[in-house]
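Asker: One structure, pasted below without further comment.
Throughout, read-outs are computed from the coordinates displayed, never taken from laboratory work. Predicted, not measured: the structure shown is a model, and the values here were computed from it. With ideal geometry, Cβ positions are generated from the backbone for all residues, glycine too; neighbour counts draw on all protein chains shown.
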Amino acid sequence: MRGGGEACWRIEREVGYVVLDNPPMNVLTDALRGGILEAFEHFERDRVRAVVVTGAGERAFCGGADLREEAGLAPETVGDFQRRAEAVGDAIRAFAGPVIAAVNGWAMGGGLTLALWCDVRIGSTAARLGAVGVKVGLIASNVQLRRLLPEGRARDALLTGRTLDAGEAYRMGLLSAVVPPGRLLAEAGLWAARAAALDPDTVAATKRLINGALDVTLEEAEAQERRAVGEGAAAAAP
Amino acid sequence: MSAAAVDLAATRHGAVAVLAGAPGPADRWLRALADALASLEADRSVRAVVVAGWGDRPSGGEGAAVADEVRRRFREGRLPVVAALDGHVGGPALAAVLETDVRIAAETARVAAAGIDGAPARCVARLVHLLGEAGARDVALTGRTLDARDARRVGLVSRVVPAASLLEEARAAAGTIASRAPLAVAAARRAVRQARDLGPAAALAMEHDLFARLVETRDHKAAVAAFFAGTRPVFRGE
């Protein structure tokens, strides 16, 4: 395990692991964001096939932005702050393989946004998700929730800011599986290993298509799909 | 003997036609399905269709091309389609079934959408628009097989029923649709398909236009008269 600010990362059998380690709530400081970005740079260079992101300890996946950093923001610095936060989401979406969030506890505010940028979320029974922007007079997770979920469910989560426990998040489709806390990392590792065993070009083409599919009409998304299938067939031809 | 006679059995239950497929490769079955749908389109006494037999079909050489034709028929055709899913549904059969109006699964059904040869599965764009990104990433990016309950949770099927009652449940669902005012059903199908791509203002304008036309129909006036008379309306599609 190597330190990268407060995000620790390692690579095991083509799977990259990032642990958000900033107790007690693993809040996102600039150092932590920098560590995540550094980890993904290494993962890309080392041709890692799938990534697991999780929080250190048992209490939180990620408690969101550091309110002390946020309190220091001025109109002229808020844009930079947002760009630094966005860079993490961009890195996750641009990474060629699946990124799996192992949600081990609280994921709220910017921490929920981080989990939502991941391709798949697996929760422990202790997972608690909250789009808490409305509870602290801010806005967060809107874009992600609206892309992930049907509008009705997204409105419920965003406008109430209420806590979704693991069971409800699973039923809503925000978690793909729920396991006991002691099994979470092994389960996420299993999902990652399964993804790592797939053809990486196929996975990358599928992820690129999914990333953009909601930004265009269905017809255009299907035209992109046909082009991707054609390119795959051409590349596979002897 | 025509392909349809070999691969597909068509039965009638009032205004519902049931197309049940014999085992065999997907391309051959989808070819027969396309032909059967074409002849049902012309039969105005048919108001809804059940299609069964999606599972356990190897692709066959022409699977993708024929799946495209069936998708187009579902999308542009007059008839609402209820799909009864059992067995392992994937490949061209999955691409086609995502265009049906209602999907009901047997408890024993399974679904997988894996791409091959560096190309995404030919249903990824549709999956994203149908399920949102959360479900689509789960289904298409992990390469995993979903059981019927997981398929329902992500919104890929509406209902899961015991295998023994699958056809009966699908027929009942199709019978309900067939009992509704045909012009209203057609308008709803069109509006649902186009609502997202049109954007809110244009979608609302389309709905208002459809409403203005429906309010003048004989079926609407008959339904209002039946409501006040305490009787059941008879819809003629006029």
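Asker: What residue among A:134, A:223, A:157 has its Cα farthest toward the positive end of the dipole of segment A:125-238, where the charges are +1 on Lys, Arg and -1 on Asp, Glu, each on the Cβ?
Answerer: Value: A:134.
Asker: Now for a different question. For segment B:138-187, go through all pairs of different Cα atoms, get the mean of 1/r, take its inverse, and jot down that Kirkwood value in Å.
Answerer: Details: mean 1/r = 0.0763 Å⁻¹.
Result for segment B:138-187, one decimal place: 13.1 Å.
Asker: Using just the Cα positions, wrap segment B:27-108 in a convex hull and report its mean projected area in square nanometres, one decimal place. Don't skip to the end; give the middle numbers.
Answerer: Values: hull surface 19.0 nm².
Taking a quarter of the hull surface, the average projection is 4.8 nm².
Asker: How many Cβ atoms of partner chains, on average, are near each residue of A:219-232 if near means within 10 Å of its Cβ?
Answerer: Going residue by residue through A:219-232 and averaging, the value is 5.
Asker: Please give the average number of partner chain Cβ atoms lying within 10 Å of the Cβ of each residue in A:149-160, rounded to a whole number.
Answerer: Across A:149-160, the average partner-chain Cβ count within 10 Å equals 1.
Asker: Rank-order B:52-65, B:215-228 by packing density, defined as the average count of other C-beta atoms within 10 Å over each peptide's residues, highest first.
Answerer: Details: B:52-65: 18.9, B:215-228: 13.4.
Packing proxy ranking, top to bottom: B:52-65, B:215-228.
Asker: With every atom except the alpha carbons ignored, what do you get for Rg and Dmax of chain A, in angstroms?
Answerer: When restricted to Cα atoms, chain A yields Rg and Dmax of 17.8, 59 Å.
Asker: Let me ask something else. Could the peptides A:65-74, A:109-118, A:18-27, B:24-33 be put in order, highest first, of the mean number of other beta-carbon atoms found within 10 Å of their residues? Mind dumping the intermediate values first?
Answerer: Numbers: A:65-74: 13.1, A:109-118: 26.4, A:18-27: 21.3, B:24-33: 24.0.
In descending order of packing, they fall as A:109-118, B:24-33, A:18-27, A:65-74.
Asker: Can I ask one more? Can you compute the helix-only [θ] at 222 nm over chain A? Use -39500 (n - 2.57) per DSSP H run of at least 4 residues, normalise by all residues, nearest 500 deg cm²/dmol.
Answerer: Mean residue ellipticity at 222 nm (helix-derived): -15000 deg cm²/dmol.
Asker: Something else: Shielding of B:41-47 by partners, i.e. mean partner chain Cβ atoms within 10 Å per residue? Before the final figure, lay out each step's value.
Answerer: Working: counts 0, 0, 0, 0, 0, 0, 0.
Other-chain Cβ atoms within 10 Å of each residue's Cβ, averaged: 0.
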